[in-house]
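What follows is a single structure, written as structure tokens, with notes after it.
The values are calculated or read from the model by the stated rules, or taken from the named source; none is laboratory data. Keep in mind that what you see is a predicted model, and the values were worked out from it rather than measured. We place every Cβ from the backbone using ideal geometry, glycine too, and count neighbours over all the protein chains shown. Quick note on the areas: whole protein, heavy atoms, side chains included, nothing else; ligands and nucleic acids left out. Shrake-Rupley method; radii C 1.70, N 1.55, O 1.52, S 1.80 Å.
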Amino acid sequence: MSTPNPPSSSEHDAQGSSATNEDLASENGSHKSNPSTVSWGDLPRKDQLLIIALTRLSEPLVQTSIQSYMFYQLRWFDPSLPDSAISSQAGILHASFTAAQFLTAMMWGRIADSSHFGRKMVLLIGLAGTLLSCIGFAFSTSFWQALLFRSIGGVTNGNIGVLRTMISETVREKKYQSRAFLLLPMTFNVGVIIGPVLGGVLSDPAGSYPDLFGDNKLLQRFPYAAPNLVSAFFLFCAMLGVWLFLEETLDAKLDKRDRGLELGKKLTAWLWKGHREGYMLLQDQDTTADELDGTQPDQDLHQTRPARPPPRYTRRLPFRRIFTPNVTATFVANFLLAFHLGTFNSLWFIFLSTPVDDPAADLPSRTLNQGIQQTPFSFTGGLGLRPREVGLAMAILGAIGIGLQLLVYPTLSARLGTVASWRLFLFFFPVAYFLVPYLSLVPSASPAPLPKDGVWVWLALVSVLFLQVLGRTFSLPAQTILVNNCTPHPSVLGTVHGIGQSVSSFARSAGPILGGFVYGFGLDKGIVGLVFWCLAGVAVSNLVASLFVREGDGHEIWLEGDQEED
């Protein structure tokens, strides 16, 4: 470690002595930092990354589980509502969690940067709040009750920004970041696979499996409680994992005692008999031979912590100086990406659940030329899939994503660089959104109004999903890296991620609400594709905004006392 000689303005000149050729290449997007030589096994602190990934799993697991049966649960709340009204309610309910996150995510980011709380405490609060939300949602009997409990979960949960911050502080070397930051979206895809399956299989068990649960009064009274209680169990396990095994990464709290971590090490030593408590030090490369041999009689082993680098800063950047031009441009692009992704995620399961258009039926929505479909733009109806089939379709989306992330993303990102790969794969979104509504026109093996099925339907569905997931697979981890590296000073890293989560949460709240209304309007007018074509326009705007973003180095502004890493 060496101390740079900052100019009198206390800011580091971007062209100064510490700006290496590698840094400059990183800023214009051509920096690759040779990640092609890095494998998954090379990642440092894999034990901590595992806990972070499992913590991230809980939220998509809950969200996608609810999505698979939400349309039918809303209909159960009020069977008299038309499909267009249910679509609007679904958009509001989907957005309630992220809308509440928007109101508090920046606050949680500031709290996570505080020496009184830190990263770990914010994670525990977020998991506990989401657990309470799940239990309340399980026993809701009206739309307003469900809305309240989803909002409670969002208000208390600022975990995404904190988890991204902890990955950045756990894996500081840029050459590892393309894989380390990939863990969160990859875990999201695992949740997208498991959550819909759980939701589809466990929703309304008394009606779906009458021989097994038909006489169960609780499941008859609360048909959608089972998947939420299972999600609550996963959240409880995540809380235990964070409390017992996750290390604090905030510089200001590194020397403070962590009773949960101490207990976790004792439990590990007890479960793995024959291993000393100090054996956990094998995970850190700076561990000495004496520590491994346990020959430190004057030191309590349960208080031994792996060696950490000294703090990189002693002063905190004022809030007013956070919003540099690159930070602002990055947040604008982040907003647009989150807007169309969040809207698609909320509308996708609604579109899959919307009843198939029946030309022979006399429906209120069939006001266009007495119900005659007119392509290429004037047509209506969805795929009419049941919860289990909706879960399967959403699981396909997750399976495609995790396959691409494991096999394709690291290599391609290494060759193109973060910014270039991000911009390239943003092109896939407008194409996918434009094609989605035409799935309702694919010939089905069963006549209307029966749900769409057959080889052609599922082949078309998987093909369109492949385009959307391909764009998402490359854009989300790249966007996370760009938000992380646009941070002007490491002292506000948690705050920047909190602001980023607020921006994303606002977009994921406004998008589904607006999308739900536009989707319902399109159904009434016989133009089911209206909202998806609007999303294609937003995705094109995202492409334009990406041209103004560059990759920073996470330390654009330098203050007195800052340390430069070797």
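Just a few scattered comments:
- Residues of region 541-554 satisfying the condition of being at pLDDT below 75 and crowded, with 22+ Cβ neighbours inside 10 Å: none
- Flag if residue 502 is open to solvent by 10 Å² or more (accessible area, probe 1.4 Å) and of a type in the set (Ser, Thr, Tyr): no
- Among the helices (runs of 4 or more DSSP H) confined to region 73-172, the ones with at least 1 residues that are open to solvent by less than 40 Å² (accessible area, probe 1.4 Å) and touching a Lys or Arg at 6+ places or on another chain (Cβ under 8 Å) are located at 83-112, 118-138, 159-170.
- Residue match in region 474-493 (condition: without any contact (Cβ under 8 Å) to a residue 40 or more places away in the chain and either more than 16 Å from the chain's Cα centre (by Cα) or open to solvent by less than 10 Å² (accessible area, probe 1.4 Å) (or both)): no
- Residue in region 522-535 that is over 16 Å from residue 427 (Cβ atoms), open to solvent by less than 60 Å² (accessible area, probe 1.4 Å), touching a residue at least 12 places away in the same chain (Cβ under 8 Å) and in contact with a strand residue (DSSP E or B) (Cβ under 8 Å, 6 or more places away or on another chain) present: yes
- Residue within region 16-38 that is surrounded by 13 or more Cβ atoms within 10 Å (Cβ to Cβ), at pLDDT 50 or above, closer than 30 Å to residue 346 by Cβ and within 25 Å of the chain's Cα centre (by Cα) present: no
- Inter-residue pairs, beta-carbon under 8 Å, first in a loop (DSSP other than H, G, I, E, B) and in region 319-345, second of a type in the set (A, V, I, L, M), 6+ apart: 322/492; 322/496; 322/499; 324/557
- Qualifying residue in region 426-446 (condition: within 19 Å of the chain's Cα centre (by Cα), under 29 Å from residue 378 (Cβ atoms), among the aromatic types (Phe, Trp, Tyr) and open to solvent by less than 20 Å² (accessible area, probe 1.4 Å)): yes
- Qualifying residue in region 206-215 (condition: under 26 Å from residue 57 (Cα atoms) and touching a helix residue (DSSP H, G or I) at 6+ places or on another chain (Cβ under 9 Å)): no
- All of (1) modelled with pLDDT under 80; (2) open to solvent by 50 Å² or more (accessible area, probe 1.4 Å); (3) of a type in the set (Ser, Thr, Tyr) hold for residue 328 with one exception: (1).
- Selection status of residue 261, modelled with pLDDT under 85 and touching a helix residue (DSSP H, G or I) at 6+ places or on another chain (Cβ under 8 Å): no
- Candidates 462, 518 - the one that is among the β-branched types (Val, Ile, Thr), open to solvent by 40 Å² or more (accessible area, probe 1.4 Å), in contact (Cβ under 8 Å) with a residue 40 or more places away in the chain and closer than 30 Å to residue 83 by Cα: 462
- Each residue in region 427-472 was checked for being basic (Lys, Arg) and in a helix (DSSP H, G or I), and 1 of them qualify.
- Residue among 103, 123 that is modelled with pLDDT of 90 or more and among the aliphatic types (A, V, I, L, M): 123
- The condition (being closer than 23 Å to residue 43 by Cβ, β-branched (Val, Ile, Thr) and modelled with pLDDT of 80 or more) is satisfied by just one residue among 419, 431: 419.
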